[in-house]
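Colleague: Before I ask anything, let me first share the structure, which is written out below as structure tokens.
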Amino acid sequence: MKVKKLVATVAVFGAGFAAFSTGSTVQAEPVSNSYVVVGSDTIEDVLNALANGTAITGSTVRVTQNGATLGSFDATGSPSIITRPGGVRFSRPNGSGEGYRALSASIYEGATASNNLFNSSTYQVIGGTNVTGTTAGYTSATYLPAGIRNINIYGQVDIARSSSLSPVSSTESVSTDPLATIVRVPFGRDAIALAFAPTLASAVCAAGNDSDAGAGCTPYLTVAQLKAVFEGATTQNINGTDVAIQGVIPQTGSGTRKDFETFTGVSTNLLGTAVTNGVVAVSQEHDATALTGNQVAPMSASRWIAMSNKASFDKSGSAIIGSAYTATTLGVSPVLGAAGSMTPNPAYYADTTWGRDTFLFVEKARVTPGDVKYDANLAALVDPSLNKLANVETTGASKAGKVKALFGLLAPTTTALGYFKPAYSGAK
Amino acid sequence: MKKTTLNLGVVLASAALLVSSLVPAQAAYQSNGSFGAVHLYNGSYVLSNTFAWDGEVVGSSSATESDALLTCPATATGASTFLSTAANTTVPGSWNAYAPLSFKAGTKQILQPNLSPAAQVNGNALGVKTSGGTFNLGVACTSNSGVTVLAAFFRTINVTASTGAYTAAATATDSVGSSLPTPTWAVTTPVSPAPSDRAAGSVYVGDVLTATKNEPTIFPGDYTTAFQWKRNGNAIASQTAATYTVVDADGYAKISVDVVYTAAGVNVTKSSTQTPMVLGGSAVLGGTVSMSAGVQAMQNGFLELSIPANAAATFGSPTIVNNYSQTTGTLGNVQINDTRWVTTDGWDLQADVANFVSGSNTIDKRNLALVPTVVNASTTATGVVAAAGNAAAGSATYPVALASATKLADLGDTGITVLNANLTLRAPRTAAAGTYTSTVTLTLATK
């Protein structure tokens with residue numbers, strides 16, 4: 001009996017070891033056993049928390065559907081992912097735009113990476129080789145090495161996270177448009193704030209752009225100042241004082257970048273030139289650890305809150321949170337309270353420009369009752385009346401909405417659905 | 001070295017105190033074996049017992065607050081929500097479905113666990129939905145990386161096959177230990193006579209009895225148990241070990257053993273069967289019986305004379321006796337109810353008689369002889385004595401005493417006295433023939 005037991009134990013260890021060693025070389029992450037969520041960095045942590053289970057409210061909250069867990073994939077990490085058992089390996093969608101493109105490609109069989117789906121200047125990875133893009137205007141069809149262009153990711157993505165109202169330009173449409181096969185569901189309200197390197201924060205506050213004067217330093221810049229900086233200006237005159245400022249812009253495809261460009265009215269071409277010339281730096285969004293000297297970067301307020309409350313991995317570094325000055329925000333701090341118990345500042349989030357709703361995108365047919373593709377489970381996941389992904393109730397510890405609140409998201413002001421066309425050329 | 005041991009003892013004691021204060025009064029064992037009551041709330045945080053398969057449902061230890069915590073034992077290192085058959089409640093490997101659960105930060109407590117069967121993502125919840133049946137649904141507090149269930153809070157649910165809609169049975173505190181086993185006893189060290197010379201199952205003075213408490217199938221680790229041996233159902237002082245040596249005083253008595261299960265502040269006693277009458281020893285049969293009885297104050301009643309409506313004495317046909325027209329009869333039963341149990345005052349009954357009349361003719365009442373009697377068969381009161389009455393017709397005087405009850409005499413069980421009287425009417429020789437009528441008036445007076 002004793003001998004038998006020993007043998008059994010050894011066998012278990014052996015199996016475990018074999019599985020581990022195989023997994024580490026073939027597949028870096030677990031796959032989803034139901035729906036796959038990709039896209040925005042901004043809301044990846046809160047969505048990961050909901051999909052993977054979190055006890056941040058005190059209760060264990062996990063959004064599952066019909067006995068199955070979700071798979072939410074980070075915007076960054078290993079360069080490529082496999083999302084389903086037996087699925088293909090494809091580039092990890094980094095940000096709202098790429099998430100949206102991946103969802104688009106997932107909807108139509110035959111859509112491939114060569115269909116200009118991943119119009120990213122940063123990478124496309126297959127087989128362990130990281131290919132870095134160089135110029136704007138790049139397309140995967142021409143840039144990618146032969147043999148890895150035609151990646152068919154049909155059915156590999158179900159939900160795209162987005163921090164942007166319209167993550168890919170010129171895709172928004174109306175419900176009656178037969179080409180509008182993607183629907184947008186409100187998720188939560190975020191705001192774009194600014195992360196200042198400590199030196200710059202002190203300089204800006206000293207120059208008088210401080211909404212928290214006397215009690216600390218909450219630096220702010222005007223929209224005009226931001227536009228100038230991100231179009232290549234290196235100094236700004238603040239109340240008579242010249243302050244050196246360098247903009248740091250999130251990577252292409254970032255919803256935060258897209259929104260920031262829209263909110264400030266910055267010229268995409270001038271920004272691109274400034275990036276090329278090194279006047280404006282590029283970094284992964286919501287990572288303030290590398291901000292130094294006179295740098296300032298757009299920062300999701302909700303991410304800042306989640307990081308400060310340790311709900312998210314803390315990448316706030318030593319940066320100082322500040323704000324964009326508008327007639328509504330008046331430069332007030334986007335957040336209230338100290339780290340650990342930080343909450344959104346409704347006064348800042350309410351700004352119609354700098355406050356922004358975040359969204360989930362899904363294929364319209366799959367959430368439309370009566371359609372042949374209707375999937376009641378997917379529809380339930382994005383039904384705001386259920387305690388699932390779209391829930392915004394903050395009344396109880398078991399609610400997904402309560403989790404969102406602790407991750408710095410308020411209830412979205414947009415409640416209507418939006419209708420969008422897929423983001424690739426030649427859509428059916 | 002001795003000092004070290006002492007310190008350790010102190011530490012352990014304070015730890016134990018901490019545990020008892022951490023486990024609040026919430027945990028009252030349930031009749032289905034649950035460690036404590038779990039109340040189910042729907043997505044609007046409204047208490048309910050019926051749910052759709054995928055309906056939102058959270059558990060709470062309170063029937064009025066949806067966010068009351070469930071407290072796991074301090075030794076728990078993990079928790080799960082689970083759906084299982086009753087038999088597999090403590091067997092995680094055989095649960096039908098389950099999902100991982102986190103403690104509230106810094107505690108061993110669970111806040112609003114998601115008990116929706118559809119949220120039990122591991123295992124085969126859909127199998128339960130398909131088959132339907134009776135299951136346990138709740139929270140398990142675990143140790144050993146989830147292998148050992150230390151305690152579980154659960155409701156018994158009845159799942160409708162196919163739809164998966166389910167109803168939870170009402171919560172019910174287990175006050176009688178219905179989920180706990182009954183202890184048994186056995187003679188483990190018999191004395192003379194040898195077992196082969198005994199009647200099967202007999203117990204003799206000097207035998208050693210050993211109790212078996214039979215571990216509870218659910219959460220044995222949660223209970224502390226204590227034995228108590230009993231003689232004829234009465235605890236035997238200081239006999240709380242697992243074994244008991246039958247003593248002389250047990251001769252002709254029956255022995256049994258109790259196990260007291262204590263968990264989460266709830267004590268439940270389970271008793272073994274009794275042994276047969278213990279044989280052997282020097283004890284003799286016999287003894288004294290002490291008595292004690294209560295007395296309720298009686299309420300004093302009333303005194304009442306009861307004469308049937310339209311009562312009429314009956315007489316036979318007249319005959320000539322000693323050259324007188326004479327007729328005899330009886331008055332008929334009259335009843336006296338005396339329920340003055342407390343005062344027992346006694347009473348006197350007398351009779352008066354009117355002259356007999358027939359048209360214009362009259363017979364004087366002195367011609368009526370009236371001799372009262374006590375109808376013993378109907379009378380329970382004691383101390384009732386019939387008077388002599390008027391025995392001689394022609395010289396009778398009225399009113400005349402009929403009967404009396406002695407003061408302080410026992411009224412008997414009912415306080416009823418029934419009286420009658422023998423009547424004789426001897427008409428004067430001069431009286432005209434005819435039918436004469438009269439009345440008797442009875443008067444009852446208390447003494």
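The values are calculated or read from the model by the stated rules, or taken from the named source; none is laboratory data. Here the structure is a predicted model, which means the values were calculated and not measured. We place every Cβ from the backbone using ideal geometry, glycine too, and count neighbours over all the protein chains shown. Areas reflect the complete protein model, heavy atoms only, side chains present, ligands, DNA and RNA absent. Shrake-Rupley method; radii C 1.70, N 1.55, O 1.52, S 1.80 Å.
Colleague: Do you know which residues across the stretch A:385-401 are more than 10 Å from chain B (Cβ to nearest Cβ) and not β-branched (Val, Ile, Thr)? I'd like the intermediate steps shown before the answer.
Modeller: Filtering the stretch A:385-401 down to residues more than 10 Å from chain B (Cβ to nearest Cβ) leaves A:389-390, A:392, A:394, A:400-401.
Listed by number, the residues that qualify are A:LEU389, A:ALA390, A:ALA400, A:GLY401.
Colleague: Please verify whether the stretch A:189-204 includes one or more residues that are without any contact (Cβ under 8 Å) to a residue 40 or more places away in the chain and either in the same structural domain as A:PRO167 (by TED's automatic domain parsing) or touching an Asp or Glu at 6+ places or on another chain (Cβ under 9 Å) (or both). Please lay out each step first, then the result.
Modeller: Initially, the stretch A:189-204 is screened for residues without any contact (Cβ under 8 Å) to a residue 40 or more places away in the chain, giving A:202.
Going one step further and asking which of them are either in the same structural domain as A:PRO167 (by TED's automatic domain parsing) or touching an Asp or Glu at 6+ places or on another chain (Cβ under 9 Å) (or both), we end up with none.
For the stretch A:189-204, residues without any contact (Cβ under 8 Å) to a residue 40 or more places away in the chain and either in the same structural domain as A:PRO167 (by TED's automatic domain parsing) or touching an Asp or Glu at 6+ places or on another chain (Cβ under 9 Å) (or both): absent.
Colleague: Moving to a separate point now. Where in the stretch B:130-211 are the strands (runs of 3 or more DSSP E), entirely inside, with at least 1 residues that are in contact (Cβ under 8 Å) with a residue 60 or more places away in the chain and basic (Lys, Arg)?
Modeller: Hits in the stretch B:130-211: B:148-159.
Colleague: Can you tell which of A:ALA244, A:ALA281 is aliphatic (A, V, I, L, M), closer than 27 Å to A:PRO93 by Cβ and surrounded by fewer than 19 Cβ atoms within 10 Å (Cβ to Cβ)?
Modeller: A:ALA281
Colleague: Which one is surrounded by the fewest Cβ atoms within 10 Å (Cβ to Cβ) among residues in the stretch B:415-441 that are farther than 22 Å from B:ALA313 by Cα and in contact (Cβ under 8 Å) with a residue 40 or more places away in the chain? Give the steps one after another, and end with the answer.
Modeller: Of the stretch B:415-441, the ones farther than 22 Å from B:ALA313 by Cα are B:415, B:429-430.
Of the ones still in play, those that are also in contact (Cβ under 8 Å) with a residue 40 or more places away in the chain are B:415, B:429.
Numbers: B:GLY415: 21, B:ARG429: 9.
The extreme case among them is B:ARG429.
Colleague: For the stretch B:126-149, which residues satisfy the criterion of being within 37 Å of the chain's Cα centre (by Cα) and open to solvent by 10 Å² or more (accessible area, probe 1.4 Å)? Walk me through it before giving the result.
Modeller: Initially, the stretch B:126-149 is screened for residues within 37 Å of the chain's Cα centre (by Cα), giving B:133-138.
Matches in the stretch B:126-149: B:GLY133, B:THR134, B:PHE135.
Colleague: So B:SER44 clears everything in (1) loosely packed, with under 15 Cβ neighbours inside 10 Å; (2) under 17 Å from B:ALA170 (Cα atoms); (3) not β-branched (Val, Ile, Thr) except one condition, right? Which one?
Modeller: So B:SER44 meets the others, but not (2).
Colleague: Enumerate the strands (runs of 3 or more DSSP E) found wholly within the stretch A:118-216, keeping only those where 1 or more residues are modelled with pLDDT under 65. Steps first, answer last, please.
Modeller: Numbers: elements: A:124-126, A:129-131, A:159-162, A:182-196.
So the answer is A:124-126, A:129-131.
Colleague: While we're looking at this one, here's another question. Which of the residues that make up the stretch B:86-108 are touching a residue at least 24 places away in the same chain (Cβ under 8 Å) and either facing another protein chain (nearest Cβ under 8 Å) or in contact with a Phe, Trp or Tyr (Cβ under 6 Å, 6 or more places away or on another chain) (or both)?
Modeller: Across the stretch B:86-108, the qualifying residues are B:TRP95, B:ALA97, B:TYR98, B:LEU101, B:PHE103, B:LYS104.
Colleague: Can A:LYS404 be described as buried (at least 20 other Cβ atoms within 10 Å of the Cβ) and within 14 Å of chain B (Cβ to nearest Cβ)?
Modeller: Values: buried (at least 20 other Cβ atoms within 10 Å of the Cβ): yes; within 14 Å of chain B (Cβ to nearest Cβ): no.
Judged against the criteria, A:LYS404 is not a match.
Condition check ((1) basic (Lys, Arg); (2) touching a residue at least 24 places away in the same chain (Cβ under 8 Å); (3) under 20 Å from A:PRO167 (Cβ atoms); (4) open to solvent by 20 Å² or more (accessible area, probe 1.4 Å)) across all residues:
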position: A:THR352; (1), (2), (3), (4): no, yes, yes, yes
position: A:LEU360; (1), (2), (3), (4): no, yes, yes, no
position: A:ALA380; (1), (2), (3), (4): no, yes, no, no
position: A:ALA390; (1), (2), (3), (4): no, yes, yes, no
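Okay, residues lined up against (1) within 14 Å of another protein chain (Cβ to nearest Cβ); (2) open to solvent by 20 Å² or more (accessible area, probe 1.4 Å); (3) within 24 Å of A:LYS315 (Cα to Cα):
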position: A:LEU70; (1), (2), (3): yes, no, no
position: A:ASP74; (1), (2), (3): no, yes, yes
position: A:SER78; (1), (2), (3): no, yes, yes
position: A:THR83; (1), (2), (3): no, no, no
position: A:GLY86; (1), (2), (3): no, yes, no
position: A:ARG92; (1), (2), (3): no, no, yes
position: A:SER96; (1), (2), (3): no, no, yes
position: A:GLY99; (1), (2), (3): no, no, yes
position: A:SER106; (1), (2), (3): no, no, no
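Colleague: Would the stretch B:334-354 turn up any residue that is open to solvent by 30 Å² or more (accessible area, probe 1.4 Å), β-branched (Val, Ile, Thr) and touching a strand residue (DSSP E or B) at 6+ places or on another chain (Cβ under 8 Å)?
Modeller: No: the stretch B:334-354 contains no residue that is open to solvent by 30 Å² or more (accessible area, probe 1.4 Å), β-branched (Val, Ile, Thr) and touching a strand residue (DSSP E or B) at 6+ places or on another chain (Cβ under 8 Å).
Colleague: Considering only the stretch B:228-250, I want to know if a residue exists there that is touching a Ser or Thr at 6+ places or on another chain (Cβ under 7 Å), open to solvent by 20 Å² or more (accessible area, probe 1.4 Å) and at pLDDT below 85.
Modeller: no
Colleague: Which residues, counting only those in the stretch B:69-113, are on the phi > 0 side of the Ramachandran plot and surrounded by fewer than 23 Cβ atoms within 10 Å (Cβ to Cβ)?
Modeller: Matches in the stretch B:69-113: B:GLY106 only.
Colleague: Right, next: Counting only residues that are among the aliphatic types (A, V, I, L, M) and under 37 Å from the mean Cα position of the chain (by Cα), which one in the stretch B:48-85 is farthest from the other protein chains (Cβ to nearest Cβ)?
Modeller: Applying the filter and picking the extreme gives B:ALA63.
Colleague: Give the residues of the stretch A:45-63 that are more than 8 Å from chain B (Cβ to nearest Cβ) and either at positive phi or part of a loop (DSSP other than H, G, I, E, B) (or both), sorted by residue number.
Modeller: Within the stretch A:45-63, A:ILE56, A:VAL63 qualify.
Colleague: Filter the stretch B:310-333 down to the residues that are closer than 26 Å to B:GLY412 by Cβ and surrounded by fewer than 17 Cβ atoms within 10 Å (Cβ to Cβ) and list them by number. Spell out the reasoning first.
Modeller: First, pick out the residues of the stretch B:310-333 that are closer than 26 Å to B:GLY412 by Cβ: B:311, B:330-333.
If the condition is that a residue be closer than 26 Å to B:GLY412 by Cβ and surrounded by fewer than 17 Cβ atoms within 10 Å (Cβ to Cβ), then B:ALA311, B:THR330, B:GLY332, B:ASN333 are the ones that fit.
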